[in-house]
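These notes concern the structure reproduced below.
Computed from the coordinates by the stated procedures, all read-outs in this text should not be read as laboratory data. Worth saying up front: this structure is predicted, and the values here are computed from it rather than measured. Positions of Cβ are generated from backbone atoms using ideal geometry, with glycine treated the same way; all protein chains shown enter the neighbour counts.
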Amino acid sequence: MQTTFLLIVEIIGTLAFAISGIRLAAVKNFDWFGAFIVGLVTAIGGGTLRDLMLGATPFWMLSSWYMTVTALALFIVIVLKRYLVRLNGTFFIFDTIGLGLFVVIGMSKTLEFGFSPWVGIIMGTITGAFGGVIRDILINEMPLVFRKDIYASACIVGGATYWLCAECGFSPEVQQSACAVVTIAIRFLAVRFNWALPSLNNWTDDKVN
């Protein structure tokens, strides 16, 4: 049951992240191959770094379905380009869904390898956020994680929720669902109410003056 649940989470997360990357590539007028690459690295970038740090074979090298799902995401964007590219909110929606679901995958895999929950939170954050860093670099944008947006912070709180649910004795499915919901909810609320971390720029100016 848990394996099936995580597989479903991973497929949905991969599709969501791939669509978010391809959608941004379409706005930048990338060709189909370039858009596919952007979508692929968005979907597998964070998990690849996580697996390398855990000493595991990168997950996408063990199954071809990650490529298949990314190709499906490209097809969806091509067919629905008129709607996905013109609607600014579509990138945010797919990126946020991918973020929340990939924190779950990162946490779960790290704990399976026997690491402490605090390591799981770090790996969950890397899994959720690092693919977006590579994506933004490829399309020549400042990565979201380095802006004032509540992005990586949402991953950290989601991972902590996973840990708390585990300590309370909830089932793995509840732990994973709570982690995803909290991460996604914080990201949505942060954008809705303009939550942001303080900028060092203003602090530096005050000190200099």
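For the stretch 2-208, the fraction of C-alpha pairs more than 29 angstrom apart is 23%. The spread of Cα positions in the stretch 77-192, taken along each principal axis and listed from longest to shortest, comes to 46, 26, 24 Å. If you bin the C-alpha pair distances of the stretch 132-183 every 10 Å from 0, what whole percents do you get? Bins of 10 Å from zero give 26, 35, 24, 14, 1 percent of pairs. Kirkwood Rh over alpha-carbon pairs of the stretch 15-122, then Stokes-Einstein at 25 °C and 0.890 mPa s: what D in µm² s⁻¹, rounded to an integer? Roughly 170 µm²/s, to the nearest whole number. Our summary gives the stretch 2-208 a relative contact order of 23 percent, counting only alpha carbon pairs under 8 angstrom and 6 or more residues apart.
Dipole size in debye (nearest 20) for the stretch 132-176 around its Cα centre, Lys and Arg Cβ +1, Asp and Glu Cβ -1? Before the final figure, lay out the partial values.
Values: 3 positive and 5 negative charges, 31 e Å.
That gives a dipole near 160 debye.
Considering only ILE186, ILE78, ILE126, the mean-square fluctuation computed in a Gaussian network model of the chain, springs between alpha carbons under 10 angstrom, is largest for ILE78.
Compute, for the chain, the length of the dipole vector about the Cα centre, with Cβ point charges of +1 (Lys, Arg) and -1 (Asp, Glu) only. Units Debye, rounded to 20. Walk me through the intermediate numbers first.
Values: 13 positive and 12 negative charges, 113 e Å.
With only Lys, Arg, Asp and Glu charged at Cβ, the dipole is about 540 debye.
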